[in-house]
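For reference, the structure is listed below as structure tokens.
The values are calculated or read from the model by the stated rules, or taken from the named source; none is laboratory data. Quantities reported herein were computed from a predicted structural model and do not represent experimental measurements. Don't worry about glycine lacking a Cβ; one is built from the backbone with ideal geometry, like all the others, and counts go over all protein chains shown. What goes into the accessible areas is simple: the full protein's heavy atoms, side chains included, and nothing from ligands, DNA or RNA. Shrake-Rupley method; radii C 1.70, N 1.55, O 1.52, S 1.80 Å.
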Amino acid sequence: MKRIGLLSDTHSCWDERFAEYFADCDEIWHAGDVGSMEVADKLAALHPLRCVCGNCDGGDLRIVYPPLARFRVEEVEVMMTHIGGYPGHYAPHIRERLMSRPTDLFVCGHSHILKVVRDPVLNLLHINPGAAGHQGWHLVRTLVRFSITGKRIHDLEVVELGGR
């Protein structure tokens, strides 16, 4: 079993509670718009970090982190990017990739809208953890934690960090 801490759109915001909320995690995933290498480094100091760069990330983050990551955790195939859309409304370049090589879990950020929904057409779980930073129009800062055991994605919980 792997316990995952997932966040997105920190936009250079470091919240000391990240360490508390991710304490029991095995990995941390960041779905882009990290904002600064300092935030990425602090997350990576807690646990192994899987991260993609977002549209607001500068050159230093773009050198270290790709715009799209595809990886396997336990028996779950994962695709993560920053701008990806959601079931029925995927970004064209993402839809092509998902159709040609399906995944079990698709993770993206960008919209600042917390969303966990099953795609019945592609038979995958879509997660957007919302935004964990202060920048943007969202009202509540959020992150997500969940577990992966074999092919099962379970024990998903949303953590509200308070207003932006």
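Might you let me know whether region 101-124 holds any residue that is over 22 Å from K2 (Cα atoms), in contact with a helix residue (DSSP H, G or I) (Cβ under 9 Å, 6 or more places away or on another chain) and not aliphatic (A, V, I, L, M)? Yes.
State whether the residues of region 114-125 include one that is of a type in the set (S, T, N, Q) and either farther than 19 Å from V52 by Cβ or exposed (fewer than 13 other Cβ atoms within 10 Å of the Cβ) (or both). Yes, the conditions are met somewhere in region 114-125. I'd like the residue in region 75-98 that is of a type in the set (A, V, I, L, M) and part of a helix (DSSP H, G or I) and, out of all such residues, is surrounded by the fewest Cβ atoms within 10 Å (Cβ to Cβ). My answer is I94. When region 115-164 is filtered for residues that are assigned to a strand (DSSP E or B) and touching a His at 6+ places or on another chain (Cβ under 6 Å), the ones remaining, listed by number, are V117, D119, S147. Among residues that are closer than 23 Å to E16 by Cα, open to solvent by less than 50 Å² (accessible area, probe 1.4 Å), among the acidic types (D, E) and in contact (Cβ under 8 Å) with a residue 24 or more places away in the chain, D104 is not included. Across region 33-63, the qualifying residues are those that are of a type in the set (D, E) and within 18 Å of H134 (Cβ to Cβ), and the one among them that is surrounded by the most Cβ atoms within 10 Å (Cβ to Cβ) is D33. Criterion applied to V121, V76, V117 was being aliphatic (A, V, I, L, M) and in contact (Cβ under 8 Å) with a residue 60 or more places away in the chain, and the one residue passing it is V76. Out of all the residues in region 66-74, is one or more in contact with a strand residue (DSSP E or B) (Cβ under 9 Å, 6 or more places away or on another chain) and crowded, with 22+ Cβ neighbours inside 10 Å? For region 66-74, residues in contact with a strand residue (DSSP E or B) (Cβ under 9 Å, 6 or more places away or on another chain) and crowded, with 22+ Cβ neighbours inside 10 Å: absent. Annotation: H11 fulfils all but one of (1) surrounded by 18 or more Cβ atoms within 10 Å (Cβ to Cβ); (2) more than 15 Å from H82 (Cα to Cα); the unmet one is (2).
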